[in-house]
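Presented below is the structure to which this report refers.
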Amino acid sequence: MRLTGLEPLYRSMRAQGMGRVKFRYVVNHLTFECLFFIDTKPFELVMGCLGHNFAIFKQVRAGFEINTFLGDVYSVLRDALFADAGTNIKLEPAVFFAEFNQHIPTQASPDQQPSPRDVGKYYPDLEEADKLFFCGWLDNTKQGKRVTSSNLAKTLRLMGQREHDFSLQRNFSTRWTNDENKAVKLLLPE
């Protein structure tokens with residue numbers, strides 16, 4: 001299925017140099033926190049259902065195409081969407097995504113940039129998943145070490161391709177804390 005609603009959002013993001021955006025989508029009584037990443041290949045769409053313990057993860061291929069198959073999320077989404085309506089209701093994934101497509105914002109703004117914490121809550125398998133506040137860089141070369149693949153994976157997931165590539169090329173690890181007061185603004189070292 002083609003999500004044509006992502007096209008104007010993508011153009012707006014590109015025009016502003018944004019690699020990621022966060023927006024909300026409400027359907028029935030459910031609110032989804034949506035993350036759209038254009039700094040990955042393929043692009044990615046995450047739809048986290050607030051107040052429920054599930055998220056929909058979709059790769060967005062060329063032409064803004066997605067596979068509407070929901071897999072294990074199907075029954076959880078159906079039950080949440082049609083709460084108290086019985087279990088015999090059939091959820092049509094194509095209808096669900098077509099409705100979503102009509103509500104994708106056309107413009108992005110810098111205040112919609114998701115934080116690493118916004119992203120990390122949907123990826124519990126990350127290295128030190130409880131530490132989602134960036135607190136600096138570690139130059140591994142000074143210690144005679146190499147940046148680990150798990151740190152690179154966390155950097156890519158929480159920050160994006162640019163920061164991942166920087167870490168890999170310069171042998172720097174991102175440092176993380178669970179204390180919001182120790183968080184620092186992301187700046188690439190000179």
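Things to note:
- Residue within segment 83-98 that is over 30 Å from residue 16 (Cβ atoms) and of a type in the set (Asp, Glu) present: yes
- Inter-residue pairs, beta-carbon under 8 Å, first under 13 Å from residue 135 (Cβ atoms) and assigned by TED's automatic domain parsing to the domain that holds residue 122 and in segment 159-182, second part of a loop (DSSP other than H, G, I, E, B) and β-branched (Val, Ile, Thr), 6+ apart: 173/147; 173/148
- Filter pass, residue 138 being closer than 30 Å to residue 182 by Cβ, outside the structural domain of residue 38 (by TED's automatic domain parsing), among the hydrophobic types (A, V, I, L, M, F, W, C) and assigned to a loop (DSSP other than H, G, I, E, B): no
- Pairs where the first residue, in segment 93-113, is outside the structural domain of residue 47 (by TED's automatic domain parsing) and the second is in a loop (DSSP other than H, G, I, E, B), C-beta under 6 Å, 6+ apart: none
- Any hit, segment 86-99, residues being at positive phi and of a type outside the set (S, T, N, Q): yes
Rundown of residues vs (1) basic (Lys, Arg); (2) under 30 Å from residue 81 (Cβ atoms), yes/no style:
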position	(1), (2)
97	no, yes
146	yes, no
149	no, no
157	yes, yes
161	no, no
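- Restricting 165, 130, 118 to those that are within 27 Å of residue 64 (Cβ to Cβ) and loosely packed, with under 15 Cβ neighbours inside 10 Å reduces the list to 165.
- Residues (over 18 Å from residue 190 (Cα atoms) and not charged (D, E, K, R)) located in segment 136-146: 143, 144
- Just one of the listed residues (117, 146) is basic (Lys, Arg), out of contact with any Ser or Thr (no Cβ under 7 Å at 6 or more places or on another chain) and part of a helix (DSSP H, G or I), namely 117.
- The listed residues are 58, 131, and the only one of them that is within 20 Å of the chain's Cα centre (by Cα), within 21 Å of residue 178 (Cβ to Cβ) and not polar (S, T, N, Q) turns out to be 131.
- If only residues of segment 17-55 that are loosely packed, with under 15 Cβ neighbours inside 10 Å and closer than 17 Å to residue 109 by Cα are counted, the one that is modelled with the lowest pLDDT is 17.
- Test set (1) under 20 Å from residue 161 (Cα atoms); (2) surrounded by fewer than 17 Cβ atoms within 10 Å (Cβ to Cβ); (3) of a type in the set (Gly, Ala, Ser); (4) in contact with a Leu (Cβ under 9 Å, 6 or more places away or on another chain) - residue 108 fails condition number: (2)
- Condition check for residue 74: outside the structural domain of residue 123 (by TED's automatic domain parsing) and in contact with a His (Cβ under 6 Å, 6 or more places away or on another chain): no
The values are calculated or read from the model by the stated rules, or taken from the named source; none is laboratory data. For clarity, every value in this text was computed on a predicted model and none was experimentally measured. Cβ: placed from backbone, ideal geometry, glycine included. Neighbour counts: every protein chain shown.
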